[in-house]
Each structure stands twice: as structure tokens, then as C-alpha cells.
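Enquirer: The structure under discussion is supplied below as C-alpha cells; questions concerning it will follow.
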Amino acid sequence: MIEIHDITKTYQSGSLAFQALSGVSFTIADGEFVAIMGPSGSGKSTLMHILGALDTPTSGTYLLDGKDVSTLVDEELADIRREKIGFVFQAFNLLPRTTVLRNTMLPLMYQGVAPGEREARAREALVAAGLSETHFQHRSNELSGGQIQRVAIARALVNNPTLILADEPTGNLDTKTGHIVLGTFQKLNKEFGRTIVLITHEQEVAEHADRIIQVRDGRVIEDSRAHTKRSAQDDV
């Protein structure tokens, strides 16, 4: 699904240049759950922006489903984000006075999907994300942090994306709730075959994935199976 070949990213500020990524290469197969882990300043955020088609590399290639994303212009990148990538962010990014169901339907509304179809797809995504139907008509500001993040996961699922990209999704949650949310990602991966890339700086969070790619100083320093793989049952 993902092929990254010798990616570099250099930021220029006047006469100064900063190289955030230096020759990064890896592949991620369809249906994998991979964590990209590194400390602040390691290059993981830059890599996340490239994987999410939010930015393009200075050099190298990024193939998503065989399409070279690294050569696309802004409008084409927007199409890739809309059609192939579901985002889950640390800050949730939900509309606070809007119902859970309507928050989940929003991406489909922007695409002009018919009302009946978008509600059906939103309900399906919410169930897949592990949210009880009793919460569908609640406003997002009436939910717990873990419930809100599950709504955000459902919203990422509703377009049936090729890739789910989760950027520090437990950063605003307490440890127990964070583990439950990570268990939701595991379920989506194991039971629904979703490809998930999780960006994190925490080893304990990364170990919920099946594979960990560690980055430091703009380079991949290790690519290995998770050593102490946690299961969703460990966290509930």
C-alpha cells in the first residue's frame, strides 16, 4: 500500500536550510498496523505530513496504492486526502454543539452524498469504532474524552479510506482511556482489516501496533516487530 523511497525534506528560511528527513525508505503492506515513533524533533511529524498528503518531499518518491503522491500539486493532494486517507488527531477536531451522528456525516455532506446513504454510513462507522447507538444523538461536548475520540475515529472511517493516519491520538486522554482507544484501533485492524499508521513519541503506545518504525534525526534507525505487543483485552 505505502512505498517510501529515499525521502528527504528540507525547509528553507532565507539562507538557512534545515533537513527534517534524510533518505527515509520503508514499505507498509495493506492491512498492517504500524507505529512511527520518535522524540520531538526526530522528523516523525514531517513524515506524517508527507504520508497524509499534507506536504510533499524535497526529493524521493511516495507511492500510495501505486500512485506517486510526491509529484502531485495542491488540488491533487486534496483529492488524495479526501478519497484515500482518514485522519485522527490528538485535538479531536469535532464541532462541539453538533450531534455525534452529524459530526460523523460531515465528510459525506461535503462530498454531496445523499442524506439516507450518509446517515447509514455514519451509523456503520460509529458502530465499527465501538460507540453505543445510545450516544448517536448526543452532542460531542456531552461525551467523555474516550467517546469523543471514538467519534473522531468513526469520522475517519466514514469515507472508507485506504489508510487511517492517527497523529498522537491518545495525547489528550488519561492512560486508561487512551488504552481503550488504542484497543479500538487494534479491533479495526484485526477484525476489519484497516491499514493504520500511528504517530507517537511513547513506547507504550507504539507497542499496541504490530510493527514499530523508529525515527531519529530525520532517519529510520530501527524497523521491527513490536517487542511487547499489547492486546485490547489488556486495556479494558
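The values are calculated or read from the model by the stated rules, or taken from the named source; none is laboratory data. Computed from a prediction, not measured in an experiment: that's the story for all the values here. When we count neighbours, we look across all protein chains shown, and the Cβ atoms used for this are built from the backbone with ideal geometry, even at glycine.
Enquirer: Looking at Ser40, is it out of contact with any Cys (no Cβ under 6 Å at 6 or more places or on another chain), among the polar types (S, T, N, Q) and touching a residue at least 60 places away in the same chain (Cβ under 8 Å)?
Expert: On the way: out of contact with any Cys (no Cβ under 6 Å at 6 or more places or on another chain): yes; among the polar types (S, T, N, Q): yes; touching a residue at least 60 places away in the same chain (Cβ under 8 Å): yes.
Answer is yes for this residue.
Enquirer: Any idea which residue in segment 191-203 is surrounded by the fewest Cβ atoms within 10 Å (Cβ to Cβ), counting only those that are of a type outside the set (Ser, Thr, Tyr) and either within 14 Å of Val34 (Cβ to Cβ) or in contact with a Gly (Cβ under 6 Å, 6 or more places away or on another chain) (or both)?
Expert: Gly193
Okay, residues lined up against (1) touching a Lys or Arg at 6+ places or on another chain (Cβ under 9 Å); (2) among the polar types (S, T, N, Q); (3) buried (at least 17 other Cβ atoms within 10 Å of the Cβ); (4) closer than 22 Å to Glu222 by Cβ:
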site	(1), (2), (3), (4)
Asp6	no, no, no, yes
Gly14	no, no, no, no
Ala29	no, no, no, yes
Val34	yes, no, yes, yes
Leu54	yes, no, no, no
Leu63	no, no, no, no
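Enquirer: Okay, next question. Looking at segment 137-181, which of its residues are crowded, with 22+ Cβ neighbours inside 10 Å and closer than 19 Å to Gln203 by Cβ?
Expert: Once the filter is applied, which keeps residues that are crowded, with 22+ Cβ neighbours inside 10 Å and closer than 19 Å to Gln203 by Cβ, segment 137-181 yields Ala166, Pro169, Thr170, Gly178, Val181.
Enquirer: So the check is Cβ under 7 Å with 6+ separation or different chains; which pairs have a first residue in segment 107-124 that's under 18 Å from Glu83 (Cβ atoms) and a second one that's of a type in the set (Ser, Thr, Tyr) and part of a helix (DSSP H, G or I)?
Expert: Ala122/Thr104
Enquirer: I'd like to know if segment 123-140 contains one or more residues that are aromatic (Phe, Trp, Tyr) and modelled with pLDDT of 90 or more.
Expert: Of segment 123-140, the ones aromatic (Phe, Trp, Tyr) are 136.
When the remaining residues are screened for being modelled with pLDDT of 90 or more, the result is 136.
Yes, because at least one residue in segment 123-140 is aromatic (Phe, Trp, Tyr) and modelled with pLDDT of 90 or more.
Enquirer: Sort through Leu101, Leu94 and tell me the only one that's surrounded by 15 or more Cβ atoms within 10 Å (Cβ to Cβ), more than 25 Å from Asp223 (Cβ to Cβ) and modelled with pLDDT under 90.
Expert: Working: Leu101 fails: modelled with pLDDT under 90.
Just one listed residue meets the conditions, Leu94.
Enquirer: Looking at segment 183-211, which of its residues are in a helix (DSSP H, G or I) and either within 12 Å of the chain's Cα centre (by Cα) or under 21 Å from Lys84 (Cα atoms) (or both)?
Expert: Of segment 183-211, the ones in a helix (DSSP H, G or I) are 183-192, 203-206.
Those that are in a helix (DSSP H, G or I) and either within 12 Å of the chain's Cα centre (by Cα) or under 21 Å from Lys84 (Cα atoms) (or both): Thr184, Phe185, Gln186, Lys187, Leu188, Asn189, Lys190, Glu191, Phe192.
Enquirer: In segment 167-189, what count of residues is obtained for those that are in contact (Cβ under 8 Å) with a residue 60 or more places away in the chain and closer than 14 Å to Gly130 by Cα?
Expert: Qualifying residue count for the region: 4.
Enquirer: Something else: I want to confirm something. Restricting to segment 104-136 and keeping residues that are among the β-branched types (Val, Ile, Thr) and surrounded by 12 or more Cβ atoms within 10 Å (Cβ to Cβ), which single residue is farthest from Leu198 (Cα to Cα)?
Expert: The qualifying residue farthest from Leu198 (Cα to Cα) is Val113.
Enquirer: Is it the case that Ser45 is small (Gly, Ala, Ser) and surrounded by 12 or more Cβ atoms within 10 Å (Cβ to Cβ)?
Expert: Yes; evaluated as a whole, the condition is true for this residue.
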